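The values are calculated or read from the model by the stated rules, or taken from the named source; none is laboratory data. Remember, it's a predicted structure, so these values are computed and weren't measured experimentally. Backbone-built Cβ (ideal geometry, glycine too); neighbour counts: all protein chains shown. Keep in mind that these areas ignore ligands, DNA and RNA; they rest on the heavy atoms of the full protein, side chains included. Shrake-Rupley method; radii C 1.70, N 1.55, O 1.52, S 1.80 Å.
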Amino acid sequence: MNLNPSQRPRILSGMRPTGRLHLGNLVGALQNWVKLQDAYDSFHFVADWHMLTTGYENTLDLRQDTWEMVTDWLACGLDPAKATFFVQSRLPEHAELHLLFSMVTPLSWLERVPTYKEQLENIRDHDINTYGFLGYPLLQAADILMYKPRYVPVGEDQVPHVELTSEVARRFNQAFGKLQVKKRSDQEWITWATGIRNLARPPESKAEQFILENFQGATLDVRAEYLNRDVGTLDPIFPEPDALLTSAPRLPGTDGRKMSKSYGNAIFLTDPPDVVSKKLATMVTDPARKRRSDPGNPDVCPVFDLHKIFSAQDTIDRVNGECRTAGIGCVDCKKLAAGHLNTFLAPIQERRKPYEQNPQKVWEVLEEGTAKARIVAQATMAEVRAAVRLT
Ligand code: SF4
């Protein structure tokens, strides 16, 4: 069966279901997914098991958060006719592959993942010192390799995860990949066998082991010679994916730190205009600009970062010039930013409405996408089980 009728290179990316998305999610990932869906066979999944790796204590909102997030995907232009959306936990194949990967992955590979160490140090309000949390990059490797994508769209901070995924693929291929040996003619075989010295030693590699098992009639040194001249090539089960780097502009939250739901500094895609205006009104600015008459520096101001992404060029130019000469005050500057941002968000919020009126539509999109993903996942796992001899 052709599992990629589009013939476009495949990409795979997921998001934890954190509920309604904010501008950081949009600029950091979603906008890029929308751009890529025309050129790639795109698979996007709701990483709900990953939510449990850091927040298993509270799953009350998981279902609603999934709905909210996927509705935002749709509202931002991700199109189920072009891309496949699915829910990770609906496909137990991911858990099975994760388990098999855990058999071949050294513990040290997981312990050195930068985000693991970082989060272990930074998350203090609940205990994440669990087996599941340590193993989440491996679950991610299973999520990715299941679909054998060519690329994984990620930001700079996620590159180590893609590298780990490639290492896991290599390790698994070495352990379970099939050796392909080219057939030789009898004459060639005799030629090779001529002049072989008696040499007895145990097989030193998987390839040698293969030769031993498959050329019982030949002496070990003949097999060794065969091996030296005609080493079987490894037929990998999992191709190694590459990271497709997303360069996202800096998008600070209202307090100037990275925009994040957990910091309480986010502007959501669903925030109505008055809420956006209020959030902008409290946003931090150039800390050195204390009075209206002080000239400011837009290069260090988070409000100007928003202008650069969401405002029209003439507004950006005006703020860039007038801020430095105190020609514009922060109150007016923020009003301008809020106006442009609301104009940007209006069509997204408009596209959300039909789904809000008929929430079932979103579940149907996920159901259909999950069924498509299941076909690929089942094919991969049939191949994997056969390679591991679990049939
Ligand atoms: S005028 Fe605008 S860019 Fe300049 S400091 Fe104030 S908010 Fe920032």
Cα-based radius of gyration of the range 73-121 once divided by 2.2 N^0.38 Å, which approximates compact folds
1.71
Leaving ligands and nucleic acids out of the surface, order 148, 372, 258 by accessible area at 1.4 Å, largest first.
258, 372, 148
Ellipsoid semi-axes in whole angstrom, largest first, where each is sqrt(5λ) of the Cα gyration tensor of the range 281-327:
17, 13, 8
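What ranking of 51, 259 comes out by heavy-atom accessible area, probe 1.4 Å, highest first?
Ranked from most to least accessible, the order is 51, 259.
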If eta is 0.890 mPa s and T is 25 °C, what Stokes-Einstein diffusion coefficient results for the range 1-65, Kirkwood Rh from Cα pairs, in µm²/s?
180
Computed over the range 234-345, protein heavy atoms only, probe 1.4 angstrom, the accessible area per residue in square angstrom equals 51
Taking a 21 Å limit on the Cα-Cα distance, which of the listed pairs 279/361; 278/361; 35/361; 82/361; 258/279 fall beyond it?
279/361; 278/361; 35/361
Percent of all alpha-carbon pairs of the range 254-298 at distances over 14 Å, whole number, is 57
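Just to be sure I understand: if I project the alpha-carbon convex hull of the range 112-175 onto a plane and average over all orientations, what area do I get in nm²?
Details: hull surface 20.4 nm².
For the Cα atoms of the range 112-175, the hull's average projected area reads 5.1 nm².
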Coil-residue chymotrypsin sites (Phe, Trp or Tyr not before Pro) of the range 45-121, DSSP, other Cβ within 10 Å capped at 16
56
Please list the equivalent ellipsoid semi-axes of the range 97-149, computed as the square roots of five times the alpha-carbon gyration tensor eigenvalues, in descending order and whole angstrom.
22, 11, 10
A correct Stokes-Einstein calculation for the range 13-143, using the alpha-carbon Kirkwood radius, 37 °C and 0.692 mPa s, returns a whole-number D in µm² s⁻¹ of 206
On average, how much accessible surface per residue is there in the range 6-45, in Å², for a 1.4 Å probe, leaving out ligands, DNA and RNA?
33
What residues have an amide H closer than 5 Å to that of residue 14, excluding those fewer than 5 places away on the same chain, when H is modeled at 1.01 Å from N in the peptide plane?
45
Can you give me the pair-distance distribution of the range 38-113, C-alpha pairs, 10 Å bins, whole percents?
15, 36, 33, 15, 0
